[in-house]
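The values are calculated or read from the model by the stated rules, or taken from the named source; none is laboratory data. Quick caveat, the model's predicted, so the values are computed rather than measured. Note that each Cβ is placed from the backbone with ideal geometry, even for glycine, and that neighbours are counted across all protein chains shown. Heads up: the accessible areas ignore ligands, DNA and RNA and are worked out on the full protein's heavy atoms, side chains in. Shrake-Rupley method; radii C 1.70, N 1.55, O 1.52, S 1.80 Å.
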Amino acid sequence: MSLAIDRAGLPVGYDLFSGNTHDSTMLIPALKNMKNRYALERVILTADKALNSGKNLAFLVENNDGYIVSQKVRSWL
């Protein structure tokens, strides 16, 4: 599921996806759909590390969008 919220944190829309599809492959279609549906110029994605892929982050940067994603930090201990 993808959920769009406004600046006040209120939900404005969502998309549902098949349960047998990996999350990272759904980000680009979901963003394109939301931006077209609501005539959005810029979005800021907040997501867990499942969406943190080079392809997804490159798409966001190329479209002047922002992102806050989690990243695993490896310990050397």
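List every residue whose amide H lies under 5 Å from the amide H of residue 45, counting only residues 5 or more places away in sequence or on a different chain, with H placed 1.01 Å from N in the peptide plane.
Sorted by chain and number, the residues that satisfy this are 66, 67, 68.
Rounded to the nearest 5, what is the percent of antiparallel bridges among the DSSP beta bridges in the chain?
Expressed as a percentage, antiparallel bridges in the chain total about 50.
Given a 1.4 angstrom probe, what's the average accessible area per residue across the stretch 30-77, in square angstrom?
On a per-residue basis, 79 Å².
Give me the mean projected area, in nm² to one decimal, of the convex hull enclosing the Cα positions of the chain.
With every direction weighted equally, the projected area is 6.5 nm².
Per 0.36 nm of contour for each residue apart, how much would the distance between residue 64 and residue 22 grow if the chain were fully extended, relative to their Cα-Cα spacing?
Value of the extension gain: 12.7 nm.
Of the heavy-atom accessible surface of the chain (probe 1.4 angstrom), what whole percent is carbon and sulfur?
Ligands and nucleic acids excluded, carbon and sulfur reach 56 percent.
Distance from a point 7 Å along Cα→Cβ of residue 14 to each backbone N in the stretch 26-45: keep the residues under 17 Å and list them by number.
Zone members listed by number: 27, 30-31, 34.
Which residue fluctuates most in the GNM of the chain (Cα springs below 10 Å): 16, 31, 57?
Looking only at 16, 31, 57, the largest GNM fluctuation is found for 16.
Count charges around residue 46 for me, please; just the other residues with Cβ under 15 Å from its Cβ, Lys/Arg as +1, Asp/Glu as -1.
Combined, the nearby Lys, Arg, Asp and Glu give -1.
Take the Cα of residue 50, step 7 Å along the line toward its Cβ, and report every residue of the stretch 1-34 whose backbone nitrogen sits under 13 Å from that point.
Answer for the stretch 1-34: 1-3, 16-27.
Using Cα centres only, tell me the gap between the stretch 4-21 and the stretch 25-66 in whole Å.
Cα centroid to Cα centroid, the span is 12 Å.
Less than 14 Å Cβ to Cβ from residue 15, Lys/Arg counted +1 and Asp/Glu -1: what total charge do the surrounding residues give?
+2
Relative contact order, percent, of the chain when contacts are C-alpha pairs under 8 Å separated by at least 6 residues?
Contact order relative to length: 24 percent.
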